[in-house]
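The values are calculated or read from the model by the stated rules, or taken from the named source; none is laboratory data. Note that the structure is a prediction, hence the values are computed from the model and not measured. Cβ coordinates were reconstructed from backbone atoms using ideal geometry, including for glycine residues, and neighbour counts include every protein chain displayed. Note: accessible area is taken over every heavy atom of the protein model, side chains too, but ligands, DNA and RNA are not part of it. Shrake-Rupley method; radii C 1.70, N 1.55, O 1.52, S 1.80 Å.
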Amino acid sequence: MVAFILTATSFSSKAQCDTIAKVCAKHIIASFISDGQQYRSLLLNPDETAEFKTTFFGETVYRIAACSGLTDGNLIFNVYDQERNIIFTNKDAKNAPYWDFKVKSTVDVIIEAKLDPTNSGSGCAVLLIGFKQSKK
Amino acid sequence: MFLCLLDKVQVMSKAIKIAWCVVISLSMLVITSCGGGSDKKKADTEEIPEDTAKSVSAGVLNVGGELFSIPSPLQTAMLMQSSGAAFDKSILNSKENIAQYATDYSKALNLGIYGADLGYVSMYGKTQESIVYLTAVKKLADETGVSGAFDVKTMKRFQDNMSNKDSMMVLVGLAYSSGDAFLKTNKRFDISGLILVGGWIESLNFAISANKIKSSEAVKRRIADQKQSLNSIIKLLSQFETKTNYTELIDGLKDLSKVYDTIEYKFISEKPETDMATKTTTINSHTDVNITKEQLDLITEKVESIRKKIVNPAKA
């Protein structure tokens, strides 16, 4: 029975994440190129955090789209530099579902996401990254 | 707790929700009425660590609660073109090599490599070569079970936009993203990881090849900027190291990592600027890098050795 529940949970989570990823992809508009990856995590409560490190190359504009649930604004995402100094949090922008980052010179960054405790939403968090060259 | 979870599952139909309620209620009864119920639960989940189990259920490429991100190889293909490096067909993986790729391991790595090559030829507006590499990518995608990423509709879009490099880059990014999602959803994390690794190796191959012909600060910098990605790749692959072939690849990457450890990096933190109106933050921090010719030569040698074993396994 427990195995059945785990399987059923797994199935529903996948379907959930797939739907959210499709909704989120709309924020990576055609002028941006997808980095070819989808970052997904199942967050069961606002105390849980999904986190990854990446490199933002210089002379590039990146767009991060962050979604949970079928409406915008359920996910808080933060971008830190390698020394964990905050670069941006969408909490300061009414949980904006996407934000652009203009990168002058290459930097390693840490991106984290968590559910907004004040909003109801799915436990599946999806982050997408797009990029384009900066106009000189 | 389960009711809270139910509320969160917005995509489920009402009927499924009701059935779900019955199943959960019954199972809770079974668990709470049986002595040692918690032990049973532990036994059932013992084989998979909590973090991994959580990640698997969401289709996440995730170890120890950590996600991995590898920059797109298309970015380095774009840098090659914008930095004035001449198109060089000889640096790409020959389409003739495809017959050698017999295992899923080999196919996945080379699917990443051919995808990067497709981006490279598209960036230089080489229509004929784009067709060749799109065909190679399609073949390996079909054979590794990611055919959905290159379905009839997507292939038609590629064909219609073959002469438009911007559209081609967008389409390549979308197709690989779609493949990545499919593989993660179906728990094929090894294949998903290998595609990323193949693409990363090929992007580094673009840079070291261009650097050998005509060195430029931008290209040298791009080579030096791979330390974070390399560390992520090693960590990502290490979860599969008991599988055939992985050990040699991981050892090669760890060896490469030792060279990166000798490069001098100095991070300089500066305050970012955010423009709320345009939803844009400018990152002003930067890292000064000092990479020597000896370090570049060593990286070149090691990357070429790793790549050779991937693209030409029969001769390795």
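Exactly one of these conditions fails for A:Ala113: (1) closer than 30 Å to B:Val146 by Cα; (2) open to solvent by 20 Å² or more (accessible area, probe 1.4 Å); (3) of a type outside the set (D, E, K, R). Give me its number.
Among (1) closer than 30 Å to B:Val146 by Cα; (2) open to solvent by 20 Å² or more (accessible area, probe 1.4 Å); (3) of a type outside the set (D, E, K, R), the lone unmet condition for A:Ala113 is (2).
Testing A:Ala93 on (1) over 30 Å from B:Arg222 (Cβ atoms); (2) facing chain B (nearest Cβ under 7 Å); (3) open to solvent by 90 Å² or more (accessible area, probe 1.4 Å), one condition comes back false. Which one is that?
Answer for A:Ala93: the failing condition is (3).
Scan (1) surrounded by fewer than 20 Cβ atoms within 10 Å (Cβ to Cβ); (2) part of a helix (DSSP H, G or I); (3) of a type outside the set (Val, Ile, Thr) for the single condition B:Met162 breaks and write down its number.
Result: B:Met162 fails condition (2) only.
Mind listing whichever residues of segment B:132-156 are β-branched (Val, Ile, Thr), open to solvent by less than 10 Å² (accessible area, probe 1.4 Å) and in a helix (DSSP H, G or I)? Steps first, please.
Kept after step one, since they are β-branched (Val, Ile, Thr), are these residues of segment B:132-156: B:132, B:135, B:137, B:144, B:146, B:152, B:154.
Filter once more, so that each one left must be open to solvent by less than 10 Å² (accessible area, probe 1.4 Å): B:137, B:144, B:146.
Result: B:Val137, single match.
Looking only at segment A:96-112, filter to residues that are at the interface with chain B (Cβ under 7 Å from one of its Cβ atoms), in a loop (DSSP other than H, G, I, E, B) and not hydroxyl-bearing (Ser, Thr, Tyr); which one of those is nearest to B:Val289 (Cα to Cα)?
A:Lys104
Would you confirm whether or not segment B:105-121 contains a residue that is β-branched (Val, Ile, Thr), open to solvent by 60 Å² or more (accessible area, probe 1.4 Å) and either modelled with pLDDT of 95 or more or over 11 Å from B:Leu140 (Cα atoms) (or both)?
Checked segment B:105-121: no residue is β-branched (Val, Ile, Thr), open to solvent by 60 Å² or more (accessible area, probe 1.4 Å) and either modelled with pLDDT of 95 or more or over 11 Å from B:Leu140 (Cα atoms) (or both).
Scan segment A:12-30 for residues that are more than 7 Å from chain B (Cβ to nearest Cβ) and open to solvent by less than 50 Å² (accessible area, probe 1.4 Å) and jot them down.
Listed by number, the residues that qualify are A:Ile20, A:Val23, A:Cys24, A:Ala25, A:His27, A:Ile28.
Name the single residue that is surrounded by the fewest Cβ atoms within 10 Å (Cβ to Cβ) among those in segment B:165-178 being of a type outside the set (A, V, I, L, M, F, W, C) and free of Cβ contacts under 8 Å to residues at least 60 places away in the same chain. Write out each step before concluding.
First, the residues of segment B:165-178 that are of a type outside the set (A, V, I, L, M, F, W, C): B:165-167, B:173, B:176-178.
Cutting the leftovers down to free of Cβ contacts under 8 Å to residues at least 60 places away in the same chain gives us B:165-167, B:177-178.
Numbers: B:Lys165: 20, B:Asp166: 14, B:Ser167: 16, B:Ser177: 24, B:Ser178: 21.
Applying the filter and picking the extreme gives B:Asp166.
Taking segment B:182-205, which residues are surrounded by 24 or more Cβ atoms within 10 Å (Cβ to Cβ) and at the interface with chain A (Cβ under 9 Å from one of its Cβ atoms)?
B:Lys184, B:Ser192, B:Ile195, B:Leu196, B:Gly199 - these are the residues of segment B:182-205 that are surrounded by 24 or more Cβ atoms within 10 Å (Cβ to Cβ) and at the interface with chain A (Cβ under 9 Å from one of its Cβ atoms).
For segment A:113-136: of the residues being over 21 Å from A:Phe32 (Cβ atoms) and assigned to a strand (DSSP E or B), which is farthest from the other protein chains (Cβ to nearest Cβ)?
A:Lys114
Could you name every one of the strands (runs of 3 or more DSSP E) located completely within segment B:269-316 that has at least 3 residues being crowded, with 16+ Cβ neighbours inside 10 Å? Step through it out loud before you land on a result.
On the way: elements: B:273-275, B:280-283, B:286-290.
The qualifying strands (runs of 3 or more DSSP E) are B:280-283, B:286-290.
Among B:Glu46, B:Glu96, B:Glu129, B:Glu50, which is surrounded by fewer than 17 Cβ atoms within 10 Å (Cβ to Cβ) and at pLDDT 95 or above?
Answer to the selection: B:Glu96.
Quickly run through segment A:5-31 and pick out the residues that are touching a helix residue (DSSP H, G or I) at 6+ places or on another chain (Cβ under 8 Å), modelled with pLDDT of 90 or more and not aliphatic (A, V, I, L, M).
Passing the criteria: none in range.
Which is within 16 Å of the chain's Cα centre (by Cα), closer than 20 Å to B:Thr281 by Cα and within 7 Å of chain B (Cβ to nearest Cβ), of A:Phe57, A:Phe88?
A:Phe88
Out of (1) within 13 Å of chain A (Cβ to nearest Cβ); (2) under 14 Å from B:Ile291 (Cα atoms); (3) open to solvent by 20 Å² or more (accessible area, probe 1.4 Å), what's the single condition that is false for B:Tyr260?
Failing condition for B:Tyr260: (3).
Just a yes or no: is a residue in segment B:188-198 farther than 16 Å from B:Leu109 by Cβ and not in a helix (DSSP H, G or I)?
No, because not a single residue in segment B:188-198 is farther than 16 Å from B:Leu109 by Cβ and not in a helix (DSSP H, G or I).
Residue pairs, Cβ under 6 Å, 6 or more apart or interchain, first in segment A:117-130 and of a type in the set (A, V, I, L, M, F, W, C), second at pLDDT below 85. List them.
Once the first residue is of a type in the set (A, V, I, L, M, F, W, C) and sits in segment A:117-130, its partners that are at pLDDT below 85 give A:Cys124/A:Gln16; A:Cys124/B:Ala58.
Please enumerate the residues belonging to segment B:240-257 that are open to solvent by 70 Å² or more (accessible area, probe 1.4 Å) and in contact with a helix residue (DSSP H, G or I) (Cβ under 9 Å, 6 or more places away or on another chain).
B:Glu241, B:Lys243, B:Thr244, B:Asn245, B:Glu248, B:Lys254 - these are the residues of segment B:240-257 that are open to solvent by 70 Å² or more (accessible area, probe 1.4 Å) and in contact with a helix residue (DSSP H, G or I) (Cβ under 9 Å, 6 or more places away or on another chain).
Could you check segment B:206-239 and list, in sequence order, the residues that are hydrophobic (A, V, I, L, M, F, W, C) and either open to solvent by 40 Å² or more (accessible area, probe 1.4 Å) or not in a helix (DSSP H, G or I) (or both)?
B:Ile213, B:Ala218
Here is a yes/no grid of residues against (1) closer than 15 Å to A:Lys102 by Cα; (2) open to solvent by less than 20 Å² (accessible area, probe 1.4 Å):
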position: A:Phe32; (1), (2): yes, yes
position: A:Gln38; (1), (2): no, no
position: A:Leu43; (1), (2): no, yes
position: A:Phe57; (1), (2): yes, yes
position: A:Gly73; (1), (2): no, yes
position: A:Arg84; (1), (2): no, no
